[in-house]
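Here is the structure we will look at, set down as structure tokens.
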Amino acid sequence: MKKRIVNILAVVIALLIAFAISIPVVNDLTAKGVQNRLLEIPLPNDTQCVESVCKAGKLTGNGNGMQYFGAMLIRSELTLEQLNDYYENYREDEWKCLIKPQTSSEIRVIDHGTLSFKTDVSENQQYYIVYSWGDGIPVFEQLDIRGH
């Protein structure tokens, strides 16, 4: 009987540890999903995807809460207005497929922490960031210490 209780306790502890380890993994995969959804969108003509990134954590604003960010760096012959018109068709809400000119490797829409592209972005070329914010699984959002 005593051995059975010890075994049950060991299994419960192992499950709790596995769940705790899974929290950041699940949230990172959620951010990766935001990135992948951007990459699935066909690129407009005269546009190339240079690279993409993602991040999960408290990235902007005040208070607590996880945020999921995905972005791609594109080089395009199109204007910002033309790109906005193109991506408007894929914008499900006000937080998806946002576009801004990109004049450095640093991603400036992130307020907390740092996130950068590896590409050396030159102001002589037309680089843009296309980015989206996503939603996660509530229990994992609440339990990830990166969101606090």
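Computed from the coordinates by the stated procedures, all read-outs in this text should not be read as laboratory data. Model, not experiment: these values are computed from the prediction. FYI the Cβ positions are ideal-geometry reconstructions off the backbone, even for glycines, and counts take in every protein chain you see.
Summary table
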read-out	value
Anisotropy class of the range 1-79 from Cα gyration tensor, a/c 1.5 cut	prolate
With Cα atoms, 0 to 90° folded angle of helix 2-40 axis to the chain main axis	10
Stretchable slack from ALA10 to TRP95, in nm (0.36 nm times residue separation minus alpha-carbon distance)	26.2 nm
Shape parameters for the chain, alpha-carbon atoms, Rg then Dmax in Å	19.7, 75
Inter-site label distance for VAL109 and ASN45 at 7 Å from Cα along Cβ, in nm	2.6
Ellipsoid equivalent to the range 83-146 - semi-axes via the Cα gyration tensor, in Å	26, 19, 7
